[in-house]
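The values are calculated or read from the model by the stated rules, or taken from the named source; none is laboratory data. Given the structure is predicted, the values throughout are model-derived calculations rather than measurements. As a convention, Cβ positions derive from the backbone with ideal geometry for all residues, glycine included, and neighbour counts pool all protein chains shown. Heads up: the accessible areas ignore ligands, DNA and RNA and are worked out on the full protein's heavy atoms, side chains in. Shrake-Rupley method; radii C 1.70, N 1.55, O 1.52, S 1.80 Å.
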Amino acid sequence: NPIWNAYSFFTLYANADGITAQRRTDAEGLLDRYILAKTAALVEVTTERMDRYDIAGTCAEVQAYLDALNNWYIRRSRERFWAPGSDDPALVADKRDAYDTLFTVLTTLVQVVAPLLPMVAEEIHLGLCGTGELGDASVHLLDWPDTAELPQDPELVAQMDRIREVCSVALGLREDNRLRARLPLQSLTIAGRDLGGLEELTGLVRDEVNVREVVLTDDLSTVGQFLLRPNAKLLGPRLGKQVQDVLRAAKAGEWHQLDDGTVSVGGANLTDGEFELAVQPAE
């Protein structure tokens, strides 16, 4: 259904606008660059998984990709497809970029899923390309997609996926607190490491979550604090009675993390797997 929904959305508006899209990978819009790079990543990872006959893993990758395609790219780009004809060259070019980008990723997607959904992939392929540049050939007679034909930008993909996660959590918090989406909120704070690359994406967060301001900070103390949770079951055999000292010190907040990622607490050093760091919000 998600694949068919994306195809139906494209054909509905392309036919209404009388647009015949073409395969292009040079769109410069932020969302366009993201979904093209996300498609390149999909091709790369599904190639690796299919080479290992990992069908379940391939299906999981496709499902995750479809969430990005439908619930982010298409939904965030709807106004571009809905935009009426205009004398503004910039608006015309942006609308064309949206159609061509969606056409490109859909035609690539059906090639990827052809071994998994042979009939659906064939139907969509012929609907998109029966008279296009890919001709009347069956999707099953085409070459496997080549990542070299798609722009790759793993940094943008990682940053946008972080933004998608931020929006998902924020909307969940709104729902938990019964704050309807149409109610504007004053601000949203994103706290974490390496947030510099998210600055150009904060506009998407403002629109998606309906907040007036997005604040980025690497100072966690402004929004919460880390809690240390030692794994007593693992530590007991190694530390013996000292594990009680570790638990008391952790509960009192008397611990610190070392440069190598280990934690010093209660006179012992805990390594990865022997503890968990949880975040307690200030509010």
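Quick notes on this structure:
- Region 233-283, residues that are more than 35 Å from the chain's Cα centre (by Cα), surrounded by 17 or more Cβ atoms within 10 Å (Cβ to Cβ) and not in a helix (DSSP H, G or I): Val265, Gly266, Ala268
- Boolean, Leu128 is within 21 Å of Lys38 (Cβ to Cβ), at pLDDT 95 or above and of a type outside the set (Ser, Thr, Tyr): no
- From the options Ala64, Ala68, Ala93, residue that is of a type in the set (Gly, Ala, Ser), within 26 Å of Val166 (Cβ to Cβ) and out of contact with any helix residue (DSSP H, G or I) (no Cβ under 7 Å at 6 or more places or on another chain): Ala64
- Test set (1) of a type in the set (Gly, Ala, Ser); (2) over 19 Å from the mean Cα position of the chain (by Cα); (3) open to solvent by less than 40 Å² (accessible area, probe 1.4 Å); (4) closer than 29 Å to Glu200 by Cβ - Ala114 fails condition number: (4)
- Residue selection: Val223 satisfies the criterion of being among the aliphatic types (A, V, I, L, M), under 35 Å from the mean Cα position of the chain (by Cα) and surrounded by 12 or more Cβ atoms within 10 Å (Cβ to Cβ).
- When residues of region 139-178 are limited to those that are of a type in the set (D, E, K, R) and not in a helix (DSSP H, G or I), the one most open to solvent (accessible area, probe 1.4 Å): Arg178
- Of everything in region 9-32 that is under 19 Å from Val120 (Cβ atoms) and under 25 Å from the mean Cα position of the chain (by Cα), the residue that is surrounded by the fewest Cβ atoms within 10 Å (Cβ to Cβ) is Thr11.
- Verdict on Ala6 being crowded, with 17+ Cβ neighbours inside 10 Å, aliphatic (A, V, I, L, M) and touching a Lys or Arg at 6+ places or on another chain (Cβ under 6 Å): no
- Evaluation of Ile35 against the conditions (1) open to solvent by 30 Å² or more (accessible area, probe 1.4 Å); (2) in contact with a helix residue (DSSP H, G or I) (Cβ under 8 Å, 6 or more places away or on another chain) shows that the sole unmet condition is (1).
- Scanning region 179-199 for residues that are part of a strand (DSSP E or B) and among the hydrophobic types (A, V, I, L, M, F, W, C) yields a total of 4.
- Some residue of region 38-54 being closer than 24 Å to Leu204 by Cβ, in contact (Cβ under 8 Å) with a residue 24 or more places away in the chain and open to solvent by 40 Å² or more (accessible area, probe 1.4 Å): yes
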